[in-house]
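**Student:** Have a look at this one.
The values are calculated or read from the model by the stated rules, or taken from the named source; none is laboratory data. None of the values given here were measured: they were computed from a predicted structure. For neighbour counting, all protein chains shown are included, and Cβ atoms are generated from backbone atoms with ideal geometry for every residue, glycine included.
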Amino acid sequence: MSTVRVENIKKTYEKGQVLALDDVSFEVKSGELFGLIGPDGAGKTSLFRILTTLLVPDAGRAEVAGLDVVKDLWKIRQIVGYMPGKFSLYQDLSIEENLNFFATVFNTTVAQNYHLIEEIYVQIEPFKHRLAGKLSGGMKQKLALCCALIHEPKVLFLDEPTTGVDPVSRKEFWDMLDRLKARGITIVVSTPYMDEASRCDRIALIQKGKILELDTLDQIITRHAQNLYAVDADNRYNLMNDLRKNTEIVSAFAFGEEQHVTLPPHFQDKYLSEFLKEKGHTGIKVRKIAPTIEDTFIKLMLENQ
Amino acid sequence: MTKSVIHTEGLTRKFGDFVAVNAITFDVKEGEIFGFLGANGAGKTTAMRILCGLLEPTSGKASVAGYDVYRQNEEIKKHIGYMSQKFSLYENLTVRENIQFFGGIYGLTRKELREKTAVLIERLGLNQEADKLVGSLPLGWKQKIAFSVAILHRPKVVFLDEPTGGVDPITRRQFWDMIYEAAHEGITVFVTTHYMDEAEYCDRVSIMVDGSIAALDTPSGLKKQFQAESMDEVFLQLARGAKRGE
């Protein structure tokens, strides 16, 4: 069963000048942890705002839990939790006051749904009298998640909850999402961090308002197999420049200490080692590798340019 | 020996009882790409503000581009470049106006400004966009322009505070190509990031935990020291030991 259904959604801004979403369709299954992976400006936030009934699409339709996002907006607002990318709680209310406020708005109490937020809330409870505006980024993020959960939503929409957050806190956040998922909450989450794709059941890769791919991470990577090599040499600056200038090479991008080089299908690693030797490189290392999600995203971006 | 562009010795900053930066000592060499990592709340921003001449330390020594952070902080500001994701360019000025505004602030003459603006617009391939408002451009372009503007006055060192947050994987790498080029031309680069693969692009990396520098070495040196496959693992091992919350 699908909890979120998006059909041919189109959204433009500035009298049609800016195309934010271009014929987007997808479904999120009940109980799924679904990731929208893409950079700033991809259209992720527009999509979230349409699904949470805050924005009306130009064309197409969307449903959340079987309800229409335009006709049934009041019903949808009762059953979704939304954590916007920009911190949107009341800065001049304390942690505790914000939480009570959101519970009251949804005709419930903090006590009634405490079990849902307990694990997250205990981490910020020692500061419950502090104003939300005075909290650090990580604490704001935890409070916003508590406020989005306090009415026991069926579907949780999280717009870039981990942006600007350090790797340790990001891992902890995804662990929390796993436990919410185990409680049966459907979660739609967006992120610009490609490595977080592995934490989702299925992902949509989104760029410039279009979905480039949609499937499980493994399926997407397998479907876009490429003749990929990791390359390193003693002089990395020259290595980078020589690889970029070679027109036979499909693409070459830095990945950590190495360059990831895509060759045409019939080329072999020998081609690269010989080319680099000819250019006077020393300490040449070439090995064939399997693509990561980031390699795949880059490939899809280049194909769609 | 290559000379140091940034030098700190026991650099400390307290806010009341709270020791935000706890006696950090390190050197950054000329033309080096130096990665300054740490969890949220580890003290990176405080340290960076001191090095940019914006905040006076409580104790310890530090100099940037040869200027002392206590007595010559105004000189420091003239000899560094700075860019962050949060603040980079004025959205309601055009590309050309932004370049001229920042160049003017850094004391370039009218003639220099005219020449440098033309060269920069040409090099970034922005002839079509030069007179468009920056606010109308994609984030990736803004970041590239912001970086170019930050080094327009050829500073000794440029501070980059999470410069690539949110940009697509291709633009992120093109941005790093620009960093490499600047370093190759002798500009020292001091950069913070939450992308651990970017830490591997740095010549050396320091990792702050609870106000102190917990590790400092080349990426391969750090991986060896912590018997880790990637910088991500190194970071996790160190930052998990943090006592202090954010």
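**Student:** Name the residues in segment A:133-185 that are among the hydrophobic types (A, V, I, L, M, F, W, C) and more than 25 Å from A:THR108 (Cβ to Cβ), would you?
**Tutor:** Result: A:VAL165, A:VAL168, A:TRP174.
**Student:** For the subset of segment A:30-62 comprising residues that are charged (D, E, K, R) and touching a residue at least 60 places away in the same chain (Cβ under 8 Å), which member is nearest to the other protein chains (Cβ to nearest Cβ)? Spell out the reasoning first.
**Tutor:** Restricting attention to segment A:30-62, the residues satisfying the condition of being charged (D, E, K, R) are A:32, A:40, A:44, A:49, A:58, A:61.
Narrowing the set further to residues that are touching a residue at least 60 places away in the same chain (Cβ under 8 Å) leaves A:32, A:40, A:44.
Details: A:GLU32: 25, A:ASP40: 4, A:LYS44: 10 Å.
So the residue we want is A:ASP40.
**Student:** I've got another one for you. I'd like to verify a number: residues in segment B:214-245 that are in a loop (DSSP other than H, G, I, E, B), in contact (Cβ under 8 Å) with a residue 40 or more places away in the chain and under 19 Å from B:THR192 (Cβ atoms), how many?
**Tutor:** Filtering segment B:214-245 down to residues in a loop (DSSP other than H, G, I, E, B) leaves B:218, B:226-230, B:240-245.
Narrowing further to those that are in contact (Cβ under 8 Å) with a residue 40 or more places away in the chain: B:242, B:244-245.
Applying the additional criterion that residues be under 19 Å from B:THR192 (Cβ atoms) yields B:242, B:244.
Number satisfying all stated conditions: 2.
**Student:** Can you list the strands (runs of 3 or more DSSP E) found entirely within segment A:251-300 that contain at least 2 residues being out of contact with any Phe, Trp or Tyr (no Cβ under 7 Å at 6 or more places or on another chain)? Reasoning before the result, please.
**Tutor:** On the way: elements: A:251-255, A:258-262, A:285-288.
By residue number, A:251-255, A:258-262.
**Student:** Please specify each residue of segment A:193-213 satisfying the condition of being closer than 24 Å to A:VAL18 by Cα and of a type in the set (A, V, I, L, M, F, W, C).
**Tutor:** If we filter segment A:193-213 for residues that are closer than 24 Å to A:VAL18 by Cα, which is where we start, we get A:204-213.
Scanning segment A:193-213 gives A:ALA204, A:LEU205, A:ILE206, A:ILE211, A:LEU212.
**Student:** Only one of A:THR108, A:THR191, A:THR163 is in contact with a Pro (Cβ under 7 Å, 6 or more places away or on another chain), in contact (Cβ under 8 Å) with a residue 40 or more places away in the chain and not basic (Lys, Arg); which? First the steps, then the outcome.
**Tutor:** Working: A:THR108 fails: in contact with a Pro (Cβ under 7 Å, 6 or more places away or on another chain); A:THR191 fails: in contact with a Pro (Cβ under 7 Å, 6 or more places away or on another chain).
Among A:THR108, A:THR191, A:THR163, only A:THR163 is in contact with a Pro (Cβ under 7 Å, 6 or more places away or on another chain), in contact (Cβ under 8 Å) with a residue 40 or more places away in the chain and not basic (Lys, Arg).
**Student:** For the subset of segment B:195-246 comprising residues that are under 18 Å from the mean Cα position of the chain (by Cα) and of a type in the set (Ser, Thr, Tyr), which member is surrounded by the fewest Cβ atoms within 10 Å (Cβ to Cβ)?
**Tutor:** Taking the candidates together, the pick is B:THR218.
**Student:** Would you confirm whether any residue within segment A:2-10 is modelled with pLDDT of 95 or more, under 30 Å from B:LYS142 (Cα atoms) and in the same structural domain as A:ALA197 (by TED's automatic domain parsing)?
**Tutor:** Scanning segment A:2-10, I find at least one residue that is modelled with pLDDT of 95 or more, under 30 Å from B:LYS142 (Cα atoms) and in the same structural domain as A:ALA197 (by TED's automatic domain parsing), so the answer is yes.
**Student:** Of all residues in segment B:163-183 being under 14 Å from A:GLU294 (Cβ atoms) and under 13 Å from the mean Cα position of the chain (by Cα), which is surrounded by the fewest Cβ atoms within 10 Å (Cβ to Cβ)?
**Tutor:** This residue is B:TRP176.
**Student:** Against the conditions (1) modelled with pLDDT of 95 or more; (2) over 29 Å from B:LEU137 (Cα atoms), where does B:LEU93 fall short? Just the number, please.
**Tutor:** With respect to (1) modelled with pLDDT of 95 or more; (2) over 29 Å from B:LEU137 (Cα atoms), B:LEU93 is out only on (2).
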